[in-house]
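All remarks here apply to the structure that follows.
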Amino acid sequence: MKYSKDEIMQYITEEDVKFIRLAFTDIYGKQKNISIMPDGLLKAFEYGIAIDASAISGFGGDIHSDLFLNPDPSTITVLPWRPEHGRVVRMFCQVTYPDGTPFEADTRNILKKAIDDAEKQGIHFFFGPEMEFYLFKRDENGEATKVPYDNACYMDIAPEDKGENVRREICLTLEQMGIIPESSHHEEGPGQNEIDFKYSDPLTAADNAVTFKSVVNAISWRNGLVSDFSPKPIKNSPGNGMHINISAKSDDGRDVMPMMIAGILDNICDMTIFLNTTEESYERFGSNKAPRYISWSSENRSQLVRIPAAMGEYRRAELRSPDPFCNPYLAFALVIWAGLDGINKKTVLPPATDINLYKASKEITDKYKSLPMNFAEASFAAKSSQFIARFLPKSIIDDYTLI
């Protein structure tokens, strides 16, 4: 809901809120926060709350290290796992310099720019992420292990699926926070799970993705477990993907979806380092439903972009290469700009690839361009890309492409 500052102040008083977490992410999408008491909220709204940016990844060095957090009142939500008396709420923030100028490496603000660019052209994007994660046991000292919580398989049920109650608690907690899960189930890997969201505007979808990871971590810990969103938690088991469902609509009624998909395919190599940010991200490609080649198809899960069987308002494209370690603000922004690139150039979508590329011969796969094979290749593609340089600040590009 869209609350005003005055409504927030009234809510804080009436609902016995004692702590307000001002949240943001570093350039890699890891959530950070600082807690303030209710007496400091007016100051936060009027002037912002100062933080030491030198200690945050990608936020600069010791010189000119002060940045300010300016809370967005529309994002307030209770943290249900915290005590009911003396409640804790959270608001996402814009990061600014002391003079109020937006901080160029605030990735949430970068996504806002991409949304604004699209809407100025009469194009409206919608996103629905699907994030996979593993549940592992903790040892007698409470430390994380790599022992899966269960050995269940795809869409198994209890008692094989031991994560059923954990997923239930996660979904109910998200619902209390105003985030509506669409479905949840056990995935292919031992201890692997997936929870999907309903479609929403890009900024809300990215906020929800960041919130989702914090909820999963908190609920897993409360159940004596540890969650793992890394791309390849177990070497010979399926990796974790963050499939991004995307749709785009034009004010003038044009069917922009084919051009949008073509734009994503054209720019995917340059974007990959921001969608797949670690060395192990590239171990996931090419097996267990993770793509290797730049292709698309209807329904076929071996492709980079899949068009699921759906009609009307449910029609969407599913980008299957990203993993949950990516920063959703950057990922969604680049997808929007890539889609707009295709729409503006009226790029023609190549023919669909209606074959199983996992089992195809080398003679066939050699006809297709591959995603970057490793972190170094992905870094080089981004560093030499005019597309990336046009939209992202040099500081972010440099931090992501250190090789």
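The values are calculated or read from the model by the stated rules, or taken from the named source; none is laboratory data. Being a predicted model, the structure only gives us computed values, none of them experimental. No Cβ is skipped: glycine too gets one built from the backbone with ideal geometry, and neighbour counts run over all protein chains shown. Protein only, heavy atoms only, side chains kept; ligands, DNA and RNA dropped before computing areas. Shrake-Rupley method; radii C 1.70, N 1.55, O 1.52, S 1.80 Å.
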> Going toward the positive end of the dipole of the range 177-223, with +1 on Lys and Arg Cβ and -1 on Asp and Glu Cβ, which of Trp221, Thr211, His186 do you reach last?
Replying inline: Trp221
> With point charges of +1 on the Cβ of Lys and Arg and -1 on the Cβ of Asp and Glu, referenced to the Cα centre of the chain, which listed residue (Tyr199, Ile27, Met271) lies farthest in the positive direction of the dipole?
Replying inline: Met271
> Using alpha-carbon pairs under 8 Å, 6+ residues apart, how would you state the relative contact order of the chain in percent?
Replying inline: 15 percent
> Given H placed on each backbone N at 1.01 Å, which residues far from Phe103 in sequence or on other chains put an amide H within less than 5 Å of it?
Replying inline: Val95, Thr96, Tyr97
>> Name the residue from Gly60, Ile36, Tyr3 whose Cα lies farthest towards the positive end of the charge dipole of the range 1-81, charges +1 on Cβ of Lys and Arg and -1 on Cβ of Asp and Glu.
In response: Gly60
> What size of dipole, in debye to the nearest 20, comes out for the range 197-283 about its Cα centre when the only charges are +1 on Lys and Arg C-beta atoms and -1 on Asp and Glu C-beta atoms?
Replying inline: 460 debye
> For Glu104 and Val147 in the same chain, what is the full-extension length gain: residue separation times 0.36 nm, less their Cα-Cα distance, in nm?
Replying inline: 11.4 nm
>> Antiparallel versus total DSSP beta bridges in the chain: what percent is that, nearest 5?
In response: 85 percent
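Starting from the Cα-Cα distance between Phe19 and Glu46, subtract it from 0.36 nm times their residue separation and give me the gain in nm to one decimal.
That pair, Phe19 and Glu46, stretches by 7.9 nm at full extension.
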> Which net charge results when you count Lys and Arg as +1 and Asp and Glu as -1 among the other residues whose beta-carbon is under 14 Å from that of Thr365?
Replying inline: +3
>> Which of rounded, prolate or oblate describes the range 294-390 when judged by the alpha-carbon gyration tensor and an a/c cut-off of 1.5?
In response: oblate
> Taking the Cα centre of the range 252-403 as the origin, how large is its charge dipole in debye, to the nearest 20, when only Lys and Arg (+1) and Asp and Glu (-1) carry charge on their Cβ atoms?
Replying inline: 300 debye
>> Show me, for the range 273-288, the HN-Hα J-couplings you get by feeding each phi into the Karplus relation (A = 6.51, B = -1.76, C = 1.60, θ = phi - 60°), rounded to Hz, glycine and proline as x.
In response: 4, 8, 9, 9, 9, 10, 4, 6, 4, 7, 6, 6, 5, x, 8, 6
>> What would the Debye equation give as log₁₀ I(q)/I(0) for the range 57-102 at q = 0.14, 0.16, 0.25 Å⁻¹, counting only Cα atoms as equal point scatterers?
In response: -0.51, -0.61, -0.88
>> Let me check I've understood the local charge: for Ala118, count other residues with C-beta under 13 angstrom from its C-beta, Lys and Arg +1, Asp and Glu -1. What total comes out?
In response: -2
>> Ordering Arg254, Arg284 by accessible area with a probe of 1.4 Å, largest first, what comes out?
In response: Arg254, Arg284
>> With every protein chain kept in place and ligands, DNA and RNA left out, what is the accessible area per residue of the range 148-193? Probe 1.4 Å, answer in Å².
In response: 51 Å²
> Could you give the length gained on full extension between His85 and Met37, defined as 0.36 nm per residue of separation minus the Cα-Cα distance, in nm?
Replying inline: 15.9 nm
>> Rolling a 1.4 Å sphere over the protein heavy atoms, what is the accessible area per residue of the range 1-128, to the nearest Å²?
In response: 51 Å²
> If you bin the C-alpha pair distances of the chain every 10 Å from 0, what whole percents do you get?
Replying inline: 5, 22, 32, 27, 13, 2, 0
> Heavy-atom accessible area of Trp221 with all protein chains present, probe 1.4 Å, nearest 10 Å²?
Replying inline: 140 Å²
>> Among Val147, Val305, Val89, which one shows the highest mean-square fluctuation when the chain is modelled as a Gaussian network with alpha-carbon springs under 10 Å?
In response: Val147
>> Can you tell me, using C-alpha contacts under 8 Å and at least 6 residues apart, the relative contact order of the range 1-153 as a whole percent?
In response: 20 percent
> Per the Kirkwood formula on distinct C-alpha pairs, the Rh of the range 164-308 is how many angstrom?
Replying inline: 17.0 Å
> Given only helices, namely DSSP H runs of n ≥ 4 each adding -39500 (n - 2.57), what is the per-residue ellipticity at 222 nm of the chain, to the nearest 500 deg cm²/dmol?
Replying inline: -9500 deg cm²/dmol
> Roughly how many debye, to the nearest 20, is the charge dipole of the range 314-392 about its Cα centre, given +1 on each Lys and Arg Cβ, -1 on each Asp and Glu Cβ, and no other charges?
Replying inline: 220 debye
>> Given the whole protein assembly as supplied and a 1.4 Å probe, what does the accessible area of Thr204 come to in Å², nearest 10?
In response: 50 Å²
> Can you work out ³J(HN,Hα) from phi for every residue in the range 175-191, in order, using Karplus 6.51 cos²θ - 1.76 cosθ + 1.60 and θ = phi - 60°, giving whole Hz and x for Gly and Pro?
Replying inline: 4, 4, 8, x, 9, 9, x, 8, 6, 8, 6, 6, 9, 5, x, x, x
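Tell me, what % of the accessible area of the chain is carbon and sulfur with a 1.4 angstrom probe? Kindly include the intermediate steps, with their values, before the conclusion.
On the way: 9330 of 18350 Å².
Roughly 51 percent, rounded to a whole number.
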>> Skipping prolines and chain starts, which residues have an amide H placed within reach, meaning under 5 Å, of the one on Lys232, given they are 5 or more residues away or on another chain?
In response: Asn240
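By accessible area of protein heavy atoms, probe 1.4 Å, what ranking do Arg222, Arg306, Arg138 get, highest first?
Largest accessible area first, the residues go Arg222, Arg138, Arg306.
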